[in-house]
Ligand code: BGC
């Protein structure tokens, strides 16, 4: 398998996110984000790690973007920290922040890399969170103001956009389970946040369409193939509910189908209580590409004790299935199948894999990280993607997660997903063997 098997226009890249790499979290005029404050609360992140320094990309962006080029990629995906542009989330702007992203974009263009900008990768300005964050009615207007500003400021140079990174990821972890920022819990918070996010996703895209000439607009969904543990009616239904929540809940409104309420009365109740039919048009947008982000499949079993979804994951290690250091099952066939599941919607006619990658226990020995497991992972996942592509799915790009080891949210700095190793004490970057593998792969 060579990269050329995917066609000469295929977009190969790496993805990153502001809060995970930038650092300089409290300087150059940036306002605090919910991750800055959440990480300071006891017990919220492993070892109390916080994103205040991260990879210091803020000062080292030139060196890091040069690495993207060295590895042979064409696309550099990064996100804008909302609170760096609007320290309070809206109103007053921060010139240093605006300049920083201009510099990052210019550096990409100078090296002939395509800058792909994510507008929201989980780092909501703290001051908006105090007003309710994604659960607040006002969030759509605040988000639109921010998007319009970015579109006007950067739209002449940036054509590739991702409106929101993994709506299900941050609304479920941050507003229902409370394990990510802002640490809220409860079904109510989740559904309020979800509705506003579904609207923001499409409205942000509409603003980009209006403001940016020749924009290529996508949004990025997390997804997982859902496999019932047994063929019992209860397990089958539990799997169906999980699929509705994890794979269909944010995608179908975008496609004009509304929320997937038919298969599950909890979603039906939510739709009724929030009159979601009223927002059907606002949640719809004909995206130029659908960003698909996949890390693992889930095996699901019925469990009456789990509130709302009554479903429980049977972990990979308990099934003796191969898994990463994160505990996530390694299963390239399931990647193939979830791509096919997304491609089966007639409205989905361009898929870009906007994230995929793995955390393994890496060891830096004599200036080298010999991460063979990661190389195997990529080889298998790329072969699965090629199979789907050869069967006619229009997949136009693939972005590896991630350029370098970074602040892995609640897992802190110990979960390393990078193609480049980072020493967080010295900020020394070392290309891992997987990075060199990519370099070879992309040269043929
Ligand atoms: C997120 C990334 C995260 C990665 C690995 C994705 O869900 O978009 O920010 O680092 O998964 O956990």
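What ranking do 407-415, 385-393 get when scored by the average of other Cβ atoms within 10 Å per residue, highest first? Intermediate values should be presented prior to the final figure.
Values: 407-415: 20.1, 385-393: 16.1.
Averaged packing, sorted descending, gives the order 407-415, 385-393.
Would you work out if the stretch 299-444 is rounded, prolate or oblate? Take a ≥ b ≥ c from the square roots of the eigenvalues of the alpha-carbon gyration tensor; rounded if a/c is under 1.5, else prolate when a/b is larger than b/c, oblate otherwise. Don't jump to the answer; show the numbers that get you there.
Details: a/c = 2.08, a/b = 1.22, b/c = 1.71.
Judged from the Cα gyration tensor, the stretch 299-444 comes out oblate (a/c at least 1.5, b/c at or above a/b).
Taking all pairs of distinct Cα atoms, average 1/r, flip it, and tell me the Kirkwood hydrodynamic radius of the stretch 247-378 in Å to one decimal place.
Working: mean 1/r = 0.0564 Å⁻¹.
Taking every pair of different Cα atoms in the stretch 247-378, averaging 1/r and inverting gives 17.7 Å.
Build a GNM of the chain with springs between Cα atoms under 10 Å: which of 404, 176, 283 gets the top mean-square fluctuation?
176
Please report the spacing between the Cα centers of the stretch 9-74 and the stretch 416-431 in Å, no decimals.
Spelled out, the Cα-based centre of one part sits 12 Å from the other.
May I ask you to sort 295, 28 by Cβ crowding, counting other Cβ atoms within 10 Å and putting the fewest first? Could the numbers behind the result be given before it?
Details: 295 21, 28 15.
Fewest to most other Cβ atoms nearby, the residues stand as 28, 295.
What whole-number distance in Å separates the alpha-carbon centres of the stretch 336-393 and the stretch 167-245?
So the separation of the two Cα centres works out to 21 Å.
For the chain, set up a GNM with springs between Cα atoms under 10 Å and report which of 189, 422, 103 has the largest fluctuation.
Looking only at 189, 422, 103, the largest GNM fluctuation is found for 103.
Would you work out if the stretch 110-157 is rounded, prolate or oblate? Take a ≥ b ≥ c from the square roots of the eigenvalues of the alpha-carbon gyration tensor; rounded if a/c is under 1.5, else prolate when a/b is larger than b/c, oblate otherwise.
Numbers: a/c = 3.75, a/b = 2.24, b/c = 1.68.
Prolate is the answer for the stretch 110-157, as a/c is 1.5 or above and a/b outweighs b/c.
Give the separation of the Cα centroids, the stretch 87-134 to the stretch 266-322, in Å.
28 Å
Sort the chain into rounded, prolate or oblate with this rule: let a ≥ b ≥ c be the square roots of the eigenvalues of the Cα gyration tensor; rounded if a/c is under 1.5, and if a/c is not under 1.5, prolate when a/b is larger than b/c, oblate otherwise. Show your work: numbers first, answer last.
Numbers: a/c = 1.31, a/b = 1.09, b/c = 1.21.
It is rounded, given that a/c, with a ≥ b ≥ c, falls under 1.5.
Of all beta bridges DSSP finds with both residues in the chain, what is the antiparallel percent, to the nearest 5? Could the numbers behind the result be given before it?
Numbers: 12 of 50 bridges.
Once the DSSP bridges in the chain are tallied, antiparallel ones form about 25 percent.
Considering Cα pairs under 8 angstrom that are at least six residues apart, work out the relative contact order of the stretch 342-444 and quote it in whole percent. Let's see the in-between values first.
Details: 142 pairs, mean separation 31.8, N = 103.
31 percent.
Give the relative contact order (percent, whole number) for the chain; include only Cα pairs under 8 Å separated by 6+ residues.
It rounds to 17 percent for the chain.
For the stretch 219-361, calculate the relative contact order in percent as a whole number, restricting contacts to Cα pairs under 8 Å that are 6 or more residues apart.
On the way: 236 pairs, mean separation 42.4, N = 143.
Rounded, it is 30 percent for the stretch 219-361.
Read-outs throughout are calculated quantities, based only on the coordinates presented, and are distinct from any laboratory measurement. Predicted, not measured: the structure shown is a model, and the values here were computed from it. No Cβ is skipped: glycine too gets one built from the backbone with ideal geometry, and neighbour counts run over all protein chains shown.
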